[in-house]
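For reference, the structure is listed below as structure tokens.
The values are calculated or read from the model by the stated rules, or taken from the named source; none is laboratory data. Because the structure is a prediction, the values reported are computed rather than measured. For accessibility, only protein heavy atoms count, side chains too; no ligands or nucleic acids. Shrake-Rupley method; radii C 1.70, N 1.55, O 1.52, S 1.80 Å.
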Amino acid sequence: MKFADMKVGDVAVVSNVTGEGQLRKRILDLGITKGARVKLVRIAPLGDPVEIELRGYRLTLRKTEAVIVDLVKEESE
């Protein structure tokens, strides 16, 4: 699953960060690592960028950045 498959309010866990080079390093440096719990907070009107919440802060990602993050949806309680 990708961020594009999520709806506002959905929660997921990062299962993998694909890609290579500077983009992958940047994503990992931002705290988007395997096992991190993320919540989709907001999507821009045209779908780019998306705002997520993880590790106690909010982060905005462009589609080109978000596409390399694989997620597993967490079921609602």
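Tell me which lysines have Cα within less than 22 Å of Lys25's Cα, excluding those fewer than 8 residues away on the same chain?
Lys25 reaches Lys2, Lys34, Lys39, Lys63.
If contacts are Cα pairs under 8 angstrom and at least 6 residues apart, what is the relative contact order of the chain in percent? Walk me through the numbers on the way to the answer.
On the way: 142 pairs, mean separation 31.8, N = 77.
Relative contact order for the chain comes out at 41 percent.
Skip the ligands, DNA and RNA, and give the accessible area per residue of the chain with a 1.4 Å probe, whole Å². Kindly include the intermediate steps, with their values, before the conclusion.
Values: 4940 Å² over 77 residues.
On a per-residue basis, 64 Å².
Please find, in a Gaussian network model of the chain (springs between Cα atoms separated by less than 10 Å), the residue of Ala12, Ala36, Ala44 whose mean-square fluctuation is greatest.
Top of the fluctuation ranking is Ala44.
Given a 1.4 Å probe and every protein chain left where it sits, what share in percent of the accessible area of the chain is carbon and sulfur? Please list the in-between numbers first.
Numbers: 2510 of 4940 Å².
Roughly 51 percent of what the probe reaches on the chain is carbon or sulfur.
Rounded to the nearest 500, what is the chain's calculated 222 nm mean residue ellipticity when only DSSP H runs of at least 4 contribute -39500 (n - 2.57) each, over all residues? Please report the intermediate quantities before stating the final value.
On the way: 2 runs with 13 residues, N = 77.
Calculated from helices alone, the mean residue ellipticity at 222 nm is -4000 deg cm²/dmol.
Over all distinct Cα pairs, what is the inverse of the mean 1/r for the chain, reported as the Kirkwood hydrodynamic radius in Å?
On the way: mean 1/r = 0.0815 Å⁻¹.
Taking every pair of different Cα atoms in the chain, averaging 1/r and inverting gives 12.3 Å.
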